[in-house]
Amino acid sequence: MNAPIQRQLTLRAILAGALLGGLLSLSNLYVALQTGWSIGVSITAGLAAFAIFAVLTRLRIVREPFGLLENNAMQSVASAAGYMTGGGTVAAIPALMMLTGHPLPGVQMFFWISTIAMLGVVMAIPLKQQLIDVEQLRFPTGLAAAETLKALHGGAGNVGQRPLAIATVVGALVGFLRRAHADWMPFNLPEQIAFQTSRWRLTIANRGLAAYSLQFDTSLVLLAAGAIMGWRTAWSMMLGAIVNYGICAPWLMDHGYITGLGYKGIISWSVWVGSAMILTSGLLSFGFQWRTVLRAFQTLQNAVRGGPTNAADVPMSWFALGIAILGPIVVFLQAYLFGIPWWCGILALCLSFFIAIVAARATGETDNTPSGALGKITQITFGILRPADVTTNLMTANVTAGVGLHAADLLTDLKSGWVLKADPRQQFLAQFFGVVAGSAFVVPAYRLLIPDASVLEDGTWPAPAAQTWKATAAMLANGVESLNDAQRWALGVGAVVGIALVLLDRAFPKARPYIPSATAVGFAFTTPGYNTISMFLGGFIALLASRRWGAARAEAVLTPASSGLIASESLMSVFIAILAALGVLSKVA
């Protein structure tokens, strides 16, 4: 007797994925604008959906339990929605705003990021058969999401749910106390606390630590992000912050190279160190993956030549139709929205296909999507072809990096489905629903949080990724000679250190845990010191938990707890901003 067919892409799976993914996309927007990092949403969405439908089933509001494959389809919707920050809203779009002073209107932004994401989803179609069915690359996040769903629906229904629930409540409370500075509130939690009291005061070069942005931030988002990032990333960022804010900045202030105090004054110099470090280390690390690049060239050929290994696979005709429709739209939008020449738009479209292949294979092999490094390749390409055109430089890179990220995201979801024996076509369609939902959440929130470039330049939203994209575009447009002596030295030192750290990592693989991460150190030079301090503390807490409980138990507790803190506090912060804009709150800090 055949087993009953499980429902997959149901209406309630779409709605749950759209809502959870949309909310988590706001969380990702908040975190990425603060730290430069994005957090995966699939496992968090799966845990939350399972818990919600379990309660609804007990209350008899829904008749049928939320099934395993239904939850998997929901995760595909949620994942696509959660990663809509990869469409440029935390990198290329704010970088363009800082360089030109002109914000991108909301409707235009919606169609821009949605079309790029949909093109990335389509680009993944010919890659699934080769990378997942034939080569069976691991896609570790996809495997982890599948195993989590099997544990939940196999009877371990309490896995991660208690820490997720407790952390969600705590994060929302902290977010409210930090942000809702209304007249009727008797108490507010300060956003930063200085390392001083009435009796003692820590100073560097006769200046208080606050002058260097070295304070304790009360946000639990940053603490939780540090716990998820891991110990090596956390201590590497702390090392970079000590060098930047504790050593270099005081000396540069004393010698007149930095004229302003705080994050805004220091970043005018430090962004060149961080950007150069991230650029050279990313490109060199990518270069060392040349075997992956060569295999990527073979991937498409093998995928097109070979027949489908699964009758349920997304047919190549869908790929051809998607490219035929979305390709010209992307080229048109580049020309219409940004004045990018047609030939540049067509070249960016061609590059995006190559970058999607490389990004997908790198994600499958390492669980790391090198969208930043791949975007920099596009920036360098158009920096040579159109050296003075920062708009073309940024927005063509936006296309290629966004397409690569979303292609890799769909393949990660398809890996989960492959393990669970789900229908690839339904997961493919699920991602389109997620793209629309994520854009509908992200665009209004971005316009609310980033009304103009001033909030990016004064440290309200540090946007480290945008700072590096902006610096790269400006350097390629204006040339190194446009920088002052201190900035040129910063650029050179950052480039050399980025290369050196990657070479050390390659030369001494056993010592890797003790070698600073070049990307993390580079981000520390573009992030306020108080952000880094909190992330370091979060990484240290995760380290202690791992040693006390063991890696498996620590991850089972800290990952959902951290996700709950990040989601609830960041969503509360966005909600408070909305209330302030509507005039519900009398004043907001």
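The values are calculated or read from the model by the stated rules, or taken from the named source; none is laboratory data. Computed from a predicted structure; not experimentally measured. Counting neighbours? That spans all protein chains shown, and the Cβs are built from the backbone with ideal geometry, glycine included.
Descriptive notes on the structure:
- Residue 152 being assigned to a loop (DSSP other than H, G, I, E, B), out of contact with any strand residue (DSSP E or B) (no Cβ under 7 Å at 6 or more places or on another chain) and farther than 30 Å from residue 451 by Cα: no
- When 472, 527, 460 are checked against the criterion of being under 20 Å from the mean Cα position of the chain (by Cα) and surrounded by fewer than 20 Cβ atoms within 10 Å (Cβ to Cβ), 460 stands alone in meeting it.
- Put simply, of 367, 389, 423 the only residue that is closer than 30 Å to residue 135 by Cβ and modelled with pLDDT of 90 or more is 423.
- Selection count where residues are closer than 10 Å to residue 520 by Cβ and crowded, with 24+ Cβ neighbours inside 10 Å, scope the stretch 213-240: 4
- Considering residues of the stretch 333-346 that are touching a residue at least 12 places away in the same chain (Cβ under 8 Å) and surrounded by fewer than 18 Cβ atoms within 10 Å (Cβ to Cβ) only, the residue nearest to the chain's Cα centre (by Cα): 337
- Hey, residue 218 touching a helix residue (DSSP H, G or I) at 6+ places or on another chain (Cβ under 7 Å) and more than 20 Å from residue 493 (Cα to Cα) or not: yes
- The condition of being part of a helix (DSSP H, G or I) and either aromatic (Phe, Trp, Tyr) or over 18 Å from the mean Cα position of the chain (by Cα) (or both) holds for only one of 537, 565, that being 537.
- The single condition from (1) among the small types (Gly, Ala, Ser); (2) within 21 Å of residue 384 (Cβ to Cβ); (3) modelled with pLDDT of 90 or more that residue 474 fails is (3).
- Flag if residue 384 is surrounded by fewer than 24 Cβ atoms within 10 Å (Cβ to Cβ), under 26 Å from residue 275 (Cβ atoms) and either among the polar types (S, T, N, Q) or more than 19 Å from the chain's Cα centre (by Cα) (or both): yes
- Remark: residue 330 matches the filter, which requires a residue to be hydrophobic (A, V, I, L, M, F, W, C), crowded, with 21+ Cβ neighbours inside 10 Å and at pLDDT 95 or above.
- Index of the failed condition, residue 520 passing every other in (1) over 25 Å from residue 369 (Cβ atoms); (2) of a type in the set (A, V, I, L, M); (3) modelled with pLDDT under 90: (1)
- Test for residue 551: is it modelled with pLDDT of 85 or more and not acidic (Asp, Glu): no
- Taken over the stretch 402-425, residues that are over 20 Å from residue 144 (Cα atoms) and either surrounded by fewer than 24 Cβ atoms within 10 Å (Cβ to Cβ) or more than 20 Å from the chain's Cα centre (by Cα) (or both) amount to 1.
- Among the numbered conditions (1) over 29 Å from residue 181 (Cα atoms); (2) in contact (Cβ under 8 Å) with a residue 40 or more places away in the chain, the only one that residue 579 does not meet is (1).
- Whichever residue in the stretch 241-282 is outside any helix (DSSP H, G or I) and of a type outside the set (Ser, Thr, Tyr) and, among such residues, is surrounded by the most Cβ atoms within 10 Å (Cβ to Cβ): 258
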